[in-house]
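Each reported figure results from applying straightforward, stated rules to the coordinates on display, with no laboratory input. This structure is a prediction, so every number in the text was calculated from the model and none was measured. Cβ placement follows ideal geometry from the backbone for every residue including glycine, while neighbour counts extend to all protein chains displayed.
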Amino acid sequence: MEARIIGLKGCGKSTLVAALAEGRGEGHVAAVHVGDARVRALSEIFKPKKTTFAEFKVREVAWPEATARKGEMERYLDALAGGQVYLHVLRAFENPLLGKSPDPVADLEELDREFLLFDMIRVERALERAKKAPLPDLGKRALGRCQEALETEVPLREVDFTEEELTFLRGYQFLTLIPQLLVVNTAAADSFAVSTLTAFARGRQVLAFPFLEALEVARLSPEEQAEYAAALGLPGPAAEVVAQAAFAQLGYISFLTVGGDEVRAWPVRKGETAREAAGAVHSDIQRGFIRAEVVSFADFMKYGSLKACRDAGVLRIEGKDYIVADGDIINFRFNV
Ligand SMILES: Nc1nc2c(ncn2[C@@H]2O[C@H](COP(=O)(O)OP(=O)(O)OP(=O)(O)O)[C@@H](O)[C@H]2O)c(=O)[nH]1
Ligand SMILES: [Mg+2]
């Protein structure tokens, strides 16, 4: 999964990258480990050689100094391309360097407006070009629906497009089609910003925490992080909180594999079958799929071992069409 961190100047984007990368990241790009308490708990039990968390990539995209300059704007749009979710950062702390009191609602409206404008320009250009090089009916209809929505200031992610329309529209890289999470950089762990912003969020989920404190938490060892986050009144370590929300937003869940070699979380789309999930691990396992032995994380923790789960009858045998659930511990039986 690829996320882009967006937001106006000085809102805390770089600080968020650092907090998500647990102090490892340098610069504008980071690979975020999806902090998963289940993986840690299983790792303590199995003591594997390797523990692997699910991962996603974040990249900070700085708001251009001069939006009117064509080259800068193009660079901005290029940097946004490929993002599957935008983490939209909003400043709710006093930043003396900016000489402007925090106003996250106004900032949100400003960037939202800019994104609507970009898309409007793109739609108009596409429709203009279509006069010379005609589009399929489906494409024309899809672009028409875009134009209609944007003219009434409705972001494209709120339009109920068909799958075919979405496939057609993907090539245009419309900014308002990408789902967003609003991440508020608050002065202190308070819920004020959340309730205020939720009213303006248009259905986007709002997360709020002080980024500088989240960064301090991220620099601690994984064992200390949860406790220190709780002591500071944070909802949890930033990587965990943001990853969970982003995964949920995109409809990802994780299943787990366990053993002496590796304990690992595997992200898959909600609704995937056991056979599709097997493909995430290895194409041979998918091809030679026989069955899946499945136990929920909660049951596993209750009984303490796979053998105890089998004896208690909570280790289920599932076929290729079984729909994987979040937190399933799966052992694939296959034959190559
Ligand atoms: N007091 C306070 N300062 C913060 C907080 N988060 C970030 N800052 C400071 O605000 C300044 C801007 O933060 P950055 O993370 O660099 O913001 P940015 O969005 O990356 O800025 P640009 O890349 O210039 O757009 C830095 O000096 C941070 O140390 C916070 O939660 N509280
Ligand atoms: Mg920055």
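Brief remarks follow.
- Distance (nanometres) between label positions extended 7 Å along Cα→Cβ at N95 and K57: 2.5 nm
- Take the Cα of S283, go 7 Å toward its beta carbon, and the backbone nitrogen atoms of the range 314-336 under 17 Å from that spot belong to 335-336.
- Spin-label pair R69/R202, simplified geometry with 7 Å Cα→Cβ offset, distance in nm: 2.9 nm
- Compared with the alpha-carbon gap, the fully stretched path from R113 to T152 is longer by 12.9 nm at 0.36 nm per residue.
- Annotation: amide H of E272 within the under-5 Å range of V324, sequence separation 5 or more or interchain, hydrogens built in the peptide plane.
- Residues L306, L166, sorted so that the one with the fewest Cβ neighbours within 10 Å comes first: L166, L306
- Cα gyration tensor category, rounded, prolate or oblate, for the range 1-159 with a/c compared to 1.5: oblate
- Relative contact order of the chain, pairs being alpha-carbon contacts under 8 Å that are 6 or more residues apart, as %: 19 percent
- Anisotropy class assigned to the range 98-178 is prolate, per the alpha carbon gyration tensor with a/c at or over the 1.5 cut-off and a/b larger than b/c.
- Relative contact order (%) - the range 271-334, alpha-carbon pairs under 8 angstrom, separation at least six: 50 percent
- Which of E22, E293 has the fewest Cβ neighbours within 10 Å, and the rest in rising order: E293, E22
- FRET efficiency, 1/(1 + (r/R0)^6) with R0 56 Å, evaluated for S305 and D78 via beta carbons: 0.65
- Cα gyration tensor category, rounded, prolate or oblate, for the chain with a/c compared to 1.5: oblate
- Of the complete DSSP H runs in the chain, those spanning 24 angstrom or more by Cα along the long axis with a mean Kyte-Doolittle score not below -0.5 are 104-132.
- Calculated [222 nm] ellipticity per residue, helices only, for the chain: -13000 deg cm²/dmol; basis is -39500 (n - 2.57) per DSSP H run with n ≥ 4, divided by all residues, nearest 500.
- Qualifying aspartates and glutamates (Cα of each under 17 Å from Cα of K320; at least 8 residues distant if same chain): E272, E276, D284, E293, D328
- Note that the range 77-222 shows a convex hull volume over its alpha carbon atoms of 149 Å³ per residue.
- Think of each Lys and Arg Cβ as +1 and each Asp and Glu Cβ as -1; about the Cα centre, that makes the dipole of the range 271-334 roughly 260 debye.
- Linear extension gain, R291 paired with A231, 0.36 nm per residue minus alpha-carbon span: 17.1 nm
- Footprinting exposure proxy ranking of I121, I5, I329, fewest other C-beta atoms within 10 angstrom first, gives I121, I329, I5.
- E124/I317 FRET efficiency (R0 41 Å; Cβ-Cβ; nearest 0.05): 0.10
- Farthest towards the positive end of the charge dipole of the range 265-336, among the residues P267, I323, G313, is the Cα of G313, using unit charges on the Cβ of Lys, Arg, Asp and Glu.
- Across K131/K270; K70/K131; K57/K140; K47/K270, pairs whose alpha-carbon gap is larger than 32 Å: K131/K270; K57/K140
- Of V58, F168, A41, farthest towards positive along the dipole that unit charges on Lys, Arg, Asp, Glu beta carbons give the chain: F168
- Fully extending the segment from E2 to L220, taken as 0.36 nm per residue of separation minus the present Cα-Cα distance, adds 75.9 nm.
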